[in-house]
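If you scroll down you'll find the structure; I have some questions about it.
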Amino acid sequence: MSPPSAEALARASQALAGGKLVAFPTETVYGLGGDAGNDQAVADIFAAKGRPSFNPLIVHLPDVEAVERYAVMDERARQMADLYWPGPLTLVLPRRPDAALSLLVSAGLDTVAVRVPRHPTARALLQASGRPIAAPSANRSGHVSPTAPIHVREEFPDGGGGRLALILADGRCPVGVESTVLDLSGEHPVLLRPGSITPEEIEAVLGPIQRATTPGAGAPHAGLKAPGMLESHYAPGLPVRLNALNAAKDEALLGFGPDRFVLGGAERLNLSPTGDLNEAAANLFAMLRRLDKPGLCGIAVMTIPDVGLGLAINDRLRRAAAPRP
């Protein structure tokens, strides 16, 4: 685990060039990065995470010019890029036939998910390495996403089976939930995953958008276009109970807003005592991890308003509470 000094960035770049993996912060969550053009490096990402191969990865790039080397951008994509890149927006776009990317990145589809991150360490790594970096969240598949470097170390105590060469440690991620994923590969824009860029903000630019449906537990997963769409995802070890009005004496309580009238809970944390959705998003994954303790029977979560950034928070919570595969 190293601060993002020039020396550490050089070591990280050398590791990526050698096919190793590097964990690094973005404004959303920490990513587990590998060279997106290297089949073995991409396969190692799936192996380290225990991630199913039908679940695509996001390719991180330094700017729009780099994106256009791998994906086809239409006017809609350029409008969104002008407004939200660099930032927490992933676009699913048609993949260029000559794109020098591993086919594993797209799970065999003719689309590719791309993002230009805003975090200075992520940007410095992209510039130093000169490579497209495939980077899902730096955690075991289905677990709670990491928003601090210690979370990455906890997820991969063995270094991902020796695949993880370095963790670039640069504090907490300011947004705290994964990027908004917008599919622009077809005629109609489709919101695949809500994030800090809200549907209302997207519709103000593109007009009405469609919403993707979550595959059911028994549904086939072929054709998933983006990460974070599985029914059960972002889950702590303990069961999660939503819209709780109280908590049992052996449950943990995850509150939101004033919780002085909510009873019970062996452990209690509050996402935002003042009801601030931005603060709640930044705290969500870290607090789920802190409450995921032995000796408790579950985590009860108070109601979160399903508006604005609350859509993304509730999306993660619903998947955390879904039946486990």
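The values are calculated or read from the model by the stated rules, or taken from the named source; none is laboratory data. Note that this is a predicted model, so its numbers are computed, not measured. Glycine gets a Cβ as well: all are built from the backbone with ideal geometry, and neighbour counts include every protein chain shown. These area figures cover heavy atoms from the full protein model, side chains too; ligands, DNA and RNA do not enter into them. Shrake-Rupley method; radii C 1.70, N 1.55, O 1.52, S 1.80 Å.
In the list Pro56, Pro52, which residue meets the criterion of being open to solvent by 10 Å² or more (accessible area, probe 1.4 Å), within 16 Å of the chain's Cα centre (by Cα) and closer than 22 Å to Gly142 by Cα? Can you show your working first?
Numbers: Pro56 fails: open to solvent by 10 Å² or more (accessible area, probe 1.4 Å).
Just a single option satisfies the conditions, and that option is Pro52.
If the requirement is being farther than 28 Å from Glu187 by Cα and modelled with pLDDT of 95 or more, which of these qualifies: Val92, Val22, Val67?
Going through Val92, Val22, Val67 in turn, the sole match is Val22.
Now for a different question. Yes or no: Glu201 among the charged types (D, E, K, R) and farther than 23 Å from Met1 by Cβ?
Taking the combined requirement at face value, the residue satisfies it.
Still on this model: Could you please find all residues in the range 284-308 being of a type in the set (A, V, I, L, M, F, W, C), outside any helix (DSSP H, G or I) and open to solvent by less than 20 Å² (accessible area, probe 1.4 Å)? So that I can check it myself, show each step before the final result.
Step one: filter the range 284-308 for residues of a type in the set (A, V, I, L, M, F, W, C), giving 284-288, 291, 296-297, 299-302, 304, 307.
Keeping just the survivors that are outside any helix (DSSP H, G or I) gives 296-297, 299-302, 304, 307.
Answer for the range 284-308, where residues must be of a type in the set (A, V, I, L, M, F, W, C), outside any helix (DSSP H, G or I) and open to solvent by less than 20 Å² (accessible area, probe 1.4 Å): Ile299, Ala300, Val301, Ile304.
Still on this model: Do we have Leu109 as open to solvent by less than 20 Å² (accessible area, probe 1.4 Å) and over 12 Å from the mean Cα position of the chain (by Cα) here? Walk me through how you get there before you give the answer.
Details: open to solvent by less than 20 Å² (accessible area, probe 1.4 Å): no; over 12 Å from the mean Cα position of the chain (by Cα): yes.
In short, no.
While we're on this one: Given the options Arg115, Arg153, name the one that is within 26 Å of Arg319 (Cα to Cα), open to solvent by less than 50 Å² (accessible area, probe 1.4 Å) and among the basic types (Lys, Arg).
Arg115
A follow-up question, please. Scanning the range 210-257 for residues that are closer than 13 Å to Val301 by Cα and exposed (fewer than 13 other Cβ atoms within 10 Å of the Cβ), which turns out modelled with the highest pLDDT?
Asn243
Only one of these conditions is not met by Ser5: (1) without any contact (Cβ under 8 Å) to a residue 40 or more places away in the chain; (2) of a type outside the set (A, V, I, L, M, F, W, C); (3) crowded, with 16+ Cβ neighbours inside 10 Å. Which number is it?
Among (1) without any contact (Cβ under 8 Å) to a residue 40 or more places away in the chain; (2) of a type outside the set (A, V, I, L, M, F, W, C); (3) crowded, with 16+ Cβ neighbours inside 10 Å, Ser5 violates only (3).
Condition check ((1) open to solvent by 50 Å² or more (accessible area, probe 1.4 Å); (2) in contact with a helix residue (DSSP H, G or I) (Cβ under 6 Å, 6 or more places away or on another chain); (3) within 17 Å of Val114 (Cα to Cα); (4) free of Cβ contacts under 8 Å to residues at least 40 places away in the same chain) across all residues:
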| site | (1), (2), (3), (4) |
| --- | --- |
| Arg11 | yes, no, no, no |
| Gln14 | yes, no, no, yes |
| Gly19 | no, yes, no, yes |
| Val22 | no, yes, no, no |
| Ala66 | no, no, yes, no |
| Met73 | no, no, yes, yes |
| Arg78 | yes, no, yes, yes |
| Leu89 | no, no, yes, no |
| Pro97 | yes, no, yes, yes |
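A further question follows. Working only within the range 118-134, note down all residues that are of a type in the set (Gly, Ala, Ser) and either open to solvent by less than 10 Å² (accessible area, probe 1.4 Å) or assigned to a helix (DSSP H, G or I) (or both).
Matches in the range 118-134: Ala122, Ala124, Ala128, Ser129, Ala134.
If you don't mind, another one. Among (1) modelled with pLDDT under 95; (2) in contact with a Phe, Trp or Tyr (Cβ under 9 Å, 6 or more places away or on another chain); (3) open to solvent by less than 60 Å² (accessible area, probe 1.4 Å), where does Leu271 come up short?
Every condition holds for Leu271 apart from (1).
Against the definition (at pLDDT 95 or above and open to solvent by 10 Å² or more (accessible area, probe 1.4 Å)), how does Gly37 come out, yes or no?
It is true that Gly37 is at pLDDT 95 or above and open to solvent by 10 Å² or more (accessible area, probe 1.4 Å).
While we're looking at this one, here's another question. So Tyr84 clears everything in (1) closer than 18 Å to Val190 by Cβ; (2) open to solvent by less than 10 Å² (accessible area, probe 1.4 Å) except one condition, right? Which one?
Failing condition for Tyr84: (2).
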